[in-house]
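Before any comments, here is the structure.
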Amino acid sequence: MKKYLILVIVSLSITFFYNCGSSKRTASATASESATKPALTYESHMKEVISANCSPCHFPSKGGNKKAFDNYANVKSDIDEMIRRIELNPTDKGFMPFKKAKLSDSTIAVFKQWKQAGMAE
């Protein structure tokens, strides 16, 4: 009986420690996947999103007369205000994009992710 009890304890211990090891492997696999995922940059991600949603008002070349968001420096300096305004409800004062539908949650997430990732050019 005593041998059986020891065998059960050893088996449970091995199972426990094996599972702890596999969770570490899963965490490292997730970390390596995120490392290979391309980072958001202004040129490859933000420029297109901003052009599609903030034009023509914020693009002087298209006749816009508001603060220009057609370049990296302006977008980087105003990202907090941009995020604040696109998150407002359409009935709130300062809502953007003006006279357009509210941006999708996934589009707003792109702005936030770019900011959190360090706002690479």
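The values are calculated or read from the model by the stated rules, or taken from the named source; none is laboratory data. Given the structure is predicted, the values throughout are model-derived calculations rather than measurements. Every residue, glycine among them, receives a Cβ derived from its backbone with ideal geometry; neighbour counts consider all protein chains shown.
Among residues that are at pLDDT 90 or above, small (G, A, S) and surrounded by fewer than 13 Cβ atoms within 10 Å (Cβ to Cβ), S28 is not included. Residue count for region 57-76 satisfying the condition of being basic (K, R) and either in contact (Cβ under 8 Å) with a residue 12 or more places away in the chain or within 19 Å of H45 (Cβ to Cβ) (or both): 1. Screening I83, I79 for residues that are part of a helix (DSSP H, G or I), crowded, with 16+ Cβ neighbours inside 10 Å and in contact (Cβ under 8 Å) with a residue 12 or more places away in the chain leaves exactly one candidate, I79. For region 97-119, the candidate set comprises residues that are in a loop (DSSP other than H, G, I, E, B) and among the aliphatic types (A, V, I, L, M); within that set, the residue that is surrounded by the most Cβ atoms within 10 Å (Cβ to Cβ) is L103. Here the condition is being crowded, with 16+ Cβ neighbours inside 10 Å and of a type outside the set (D, E, K, R); of G64, G94, it holds for G64 alone. Within region 101-121, residues that are in contact (Cβ under 8 Å) with a residue 12 or more places away in the chain reach partners that are in a loop (DSSP other than H, G, I, E, B) and surrounded by fewer than 12 Cβ atoms within 10 Å (Cβ to Cβ) with beta carbons closer than 9 Å, at six or more positions or on different chains, in the pairs K102/N89.
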